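The values are calculated or read from the model by the stated rules, or taken from the named source; none is laboratory data. Because the structure is predicted, anything quoted here is derived from the model rather than measured. Cβ placement follows ideal geometry from the backbone for every residue including glycine, while neighbour counts extend to all protein chains displayed.
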Amino acid sequence: MIGLVFTEEQNMLREMVRDFVNTEVKPIARDIDENEKIPEDLIKKLGEVGLLGTAFPDEYGGGGFGEVGYCIAQEEMGRGCLSTSTLIGAHQSIGSNAIYIGGTEELKQKYLVPLATGEKLGAFALTEASAGSDSFNVRTKAAKDGDHYILNGEKLWITNGGIADIVSVFARTERGISAFVVETQWDGYKAGPAEKKMGIRGSMTNAITLDNVRVPEENLIGADGRGFIVAMKTLDAGRLGLGACCVGAAKEALELSAKYAKERKQFDAPIANFEAVQFMLSEMYTTIFAMESLVYRTATAYDEGKKVSTEAAAVKLFCSEGLDKVVDYAVQIHGGMGYSREIPIERMYRDSRINRIFEGTSEIQKLVISHSVLRTNGVWGA
């Protein structure tokens, strides 16, 4: 699209991921939704082609594409299956990225490398019954015991919680909220049954229980009591990837709608001839144009090392709500067929709704943005 310039390597990445999505993901996306499971062989293939470590540097087993490259990959995955892009996001953008952002070199070599190569699958465990939007209200405890911490508590709505090998867990120590790398094979880690969800049904979401889980002190991510900072920095990147998924899904919905509008006839004419449909398509296009611009402008700034907390919140807010708008128009253009499971639009409509909730609700994004505006007296770019 006009205004965005990608490198040759980035364009090659896009083509590779698009081919993978067209051949490996789209043909089974309906089955993933109906069976409420992403096949293990697909997860294995994601690792083999590098889609579980796209953003990370080569020395940690990643593709070296940074945040822009990760967003490109997630945009293309969003075209095919939001359940699969959610699995990737929970694994890479927040689960593994917490280790990359705050972990020691030893932690990165021990855990990030197998995560980036797809040998292991990751997750991110912050949310609790009392710590959803109020994420600072973490009640899970981490008590020091010699050269270990003993973790006790329960986490809710953990994507990949039942299939992950490695989880970035946030718990409260005497010094405050701290972050830990937890191996799910350790005694005391237990995942509950998968949640039955309205959308992204193939993405496994579980409650997890930590019952006297012994974690070596070297598995601290960052300093004791500084885990909340790690969580917030990690979520900045997560919100960019989520926005990219929304862009991809929205583009797919627009393409399907334009094609259908030219094929579907009413009153002896294609419905594309009707001004009402043309206006919906124009609204969809304009929304996507803004979504795409926000995502890649902010991802570029992130890769340049700039602080993008406010901008990432704006990306998450606008893109999640923008996708809802686009897929709603898509259902309207498809009419009764848009409500049928025979075509992807119905699934995309259900899958879209969660984006305004997880990784910080729309209301939380508005708080982040408004606090920034008030702190700077609304001075643009301050």
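Here are a few things to note about the model shown:
- Looking only at residues of segment 213-264 that are among the basic types (K, R) and not in a helix (DSSP H, G or I), we find that the one that is farthest from I288 (Cα to Cα) is R214.
- Members of segment 198-221 that are among the hydroxyl-bearing types (S, T, Y) and either out of contact with any Ser or Thr (no Cβ under 8 Å at 6 or more places or on another chain) or not assigned by TED's automatic domain parsing to the domain that holds F180 (or both): T209
- Of A129, A123, all but one fail to be surrounded by 21 or more Cβ atoms within 10 Å (Cβ to Cβ), over 14 Å from G227 (Cβ atoms) and of a type in the set (G, A, S); the exception is A123.
- Qualifying residues in segment 303-316 (those that are part of a helix (DSSP H, G or I) and in contact with an Asp or Glu (Cβ under 9 Å, 6 or more places away or on another chain)) - the one surrounded by the most Cβ atoms within 10 Å (Cβ to Cβ): K316
- Candidates M198, M232, M204, filtered to the one that is surrounded by fewer than 18 Cβ atoms within 10 Å (Cβ to Cβ), under 30 Å from K44 (Cβ atoms) and in contact (Cβ under 8 Å) with a residue 24 or more places away in the chain: M198
- The criterion of at least 3 residues that are in contact (Cβ under 8 Å) with a residue 60 or more places away in the chain is met by the following helices (runs of 4 or more DSSP H) wholly inside segment 5-120: 8-20, 29-35, 40-48, 66-80, 82-88, 97-102.
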